[in-house]
Every structure is written in structure tokens, then in C-alpha cells.
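K.L.:
Quick one: this structure, given as C-alpha cells, is what I'll be asking you about.
Nothing in this text is a laboratory measurement; each read-out follows from the coordinates by a stated rule. All values derive from a computational prediction rather than experimental measurement. Note: ideal-geometry Cβ built from the backbone for every residue, glycine included; neighbour counts use all protein chains shown.
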């Protein structure tokens, strides 16, 4: 059933509540930028999930959010010779979204929630892709936009953000960005849509909800569910949205849910699997993959691995070679997207992906913002 979009964004009447996958508590539909209040009080913060009444396939939390044409991105087979022998590999190319990354899906939902709830603007922290995307969707939604970035932000990113009418604030560290978002988000007319909590939680659950269609589109494009989905990750926003969408598609088709493997540039989730706390600090280098850098992970990222049976995969070398191999096949991606190719080979070598199975690689962003 196709809905006629409302004149302005509204919240879906079938959105029952926001639930915490960690403690199981539910909360009324409202804005909780620091995640589950109960878990936050216990010092173990966790992001909330949108929960619907009945079958949620095809339903989003925000109806009538402004669109720039995001979604419906290409799904195509990987060029022969780039994948391990006997494994069917497809690429879900999120770089085809309007501003060049999967963040556009998130931004539509996050800005849509702000407009539906009557906020005047949004405030966020970003390393690049999200800044451009949120600036664009805030402009399309008639919202103000304040963005906190580090001083290393590429000049083209800063120019694009300012061209869209957003205000850019420069800081020395990621933590200073979060302090800014928390302080500005306390203003009643501004909605914080990205993380500002310590320990880290994740971003707007309404934005995460708007990434669920990636899972639906994979199932529809293949006509079935793959055994494996690989995606780059930092704090698990994309992972959570994709997994929820895949889980819904699996229920509808009565097929097993794919294992979702999360790729990181140094051990974070891998360290948690080895016994560390998900709220620990994990120092490491992400020079070739800054979009998925940072010394933290989240409960929502860990939850994806637990629920899907997926594995964390560390890829700390070979990213540039993978990027060039993909470019040689016409697939132009930033390093944080190309990281999924060596991860595929690593999982094959570990015997976790075997001949006869199907894997989907999620390519998150093109390489052009830093030019």
C-alpha cells in the first residue's frame, strides 16, 4: 500500500515506542539523544530502536520526510576476479545517493523527525559525509543546521556545508565536537541528531530507522536473502539499520536472516569479542579510513553481531590496494568503503564464507568529497 505523503513530516501512527535492545525497557516516542535513560543512569548507555505495531516491513517512523531522491541504490554483481572463487558477491552501492553516501538515508529520517516535532534546527558532529548530507537535508526541510567538525575537515566539505546554509564550527578533537553538540542540543529549538554521550551511544534512532530500507532493497534486488552482508562500521548506526531491515525481510520471506559482518580498521568489536567492555576506549589508527575511525564502539553495533551471528573483521592493511582494484573495475569508493573487499577475503580464508554462498558488500561513499 502506497501512502500519499503529508504536507509536512509526521510521525507514523503505527510507531509504538522506542525500545532498548540492551535492557528491554520501552519509552514513549520522544527524543533521547543520549539513548536509553535507564542504561544511561547505570553507566552503560545504549541507543534506542523504533518499534512498530505489527509487521513493520515497508513502514518508516517518519512519514513525509523531505527527500532528495535517496534510496533505491544500485545492486550489481562484483566483477569476476575480485571475489574468492565460488562465492557469489554483489555490491550495494550507497555512494549513488544524492550527496554521495548512505548518510542521506539517515539525514532524511533525522531531519524529518526534527521537522515533525517542531524543532527549528538540528545540530550534529561529523567527520565529513554526514556533515554534507545533514546540511543538504536540513536545507531541504527548512531547518537550521549547526555542524561541529575537526579542523582536518577537507575544504570541499566545508564549502559544501556552508553553501547549503549550515553553520560550521571547528574543533581540535572529537570530544570537543560532542561537548558542543550536547550544549547546543540542550536548547529547546535544536535537536541533536548525532552522538554526544560518553560512553558512546550512537545517533538518532529515527535516522537509523530510515536506513532499514537498505535491507529490504537487498532482498528485493536478489529475490532472496544472501547468507552474508559486509559493511564498514564505527558506532553501528548503519549496521543497526541494515540489520533491522534484513531481519524484517527474512521474516516476510520465511528465510534465515543474513549474518552481518562488521569491518573495522583496528580492534574495537574484535576486542569486545575477546573480553573487553563495549564501553572501553580502543586506540588505533584509521589513516586510510577516517570515516570509520574513533576509539569507541557501541552496544548497538555489538547487538548486530549477537543477533545476526556475524563477525567483526579487522582490516588494517591493504585498503588502498583494494580501493585501486575496485577503481580498476569502475567502482570508485572512499577507503572506508573499499575496506569491505579485503574483509570478504579474510572471512573466506577463515572459513566463515564458503563457496556456494552469497555475500553483499555495502559500499558506503564515493571518494570525491576530499578533492
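K.L.:
Based on alpha-carbon positions alone, could you give the equivalent ellipsoid semi-axes of the range 18-63 from the gyration tensor, as √(5λ), descending, whole Å?
P.N.:
22, 11, 8
K.L.:
Computed from the mean reciprocal separation of all distinct C-alpha pairs, what Kirkwood hydrodynamic radius does the range 84-136 have, in Å?
P.N.:
Hydrodynamic radius (Kirkwood, Cα pairs) of the range 84-136 is 12.8 Å.
K.L.:
Okay, moving on. Could you give log10 I(q)/I(0) at q = 0.07, 0.08, 0.10, 0.14 Å⁻¹ for the chain, computed by the Debye formula over C-alpha point scatterers of equal weight, without solvent?
P.N.:
Values, matching the q order: -0.26, -0.35, -0.56, -1.19.
K.L.:
Show me the three semi-axes of the equivalent ellipsoid for the range 1-144, from the C-alpha gyration tensor (sqrt of 5 times each eigenvalue), largest first, rounded to whole Å.
P.N.:
Semi-axes (√(5λ), whole Å): 29, 22, 18.
K.L.:
Which of 344, 75 has the fewest other C-beta atoms within 10 Å, and how do the rest follow up to the most?
P.N.:
Final ranking by Cβ density, sparse to dense: 75, 344.
K.L.:
In whole Å, what are the extents of the range 226-334 along the principal axes defined by its C-alpha atoms, from largest to smallest?
P.N.:
Computed over the range 226-334, the largest-to-smallest principal extents equal 41, 39, 19 Å.
K.L.:
Can you put 191, 60, 170 in order of Cβ neighbours within 10 angstrom, beginning with the fewest?
P.N.:
170, 60, 191
K.L.:
Okay, next question. Over the Cα atoms of the range 103-203, what is the Rg over Rh ratio if Rh follows Kirkwood?
P.N.:
0.93
K.L.:
Here is a follow-up. Treat each spin label as a single point 7 Å out from the Cα along the C-beta direction, and report the residue 30 to residue 186 distance in nm.
P.N.:
1.8 nm
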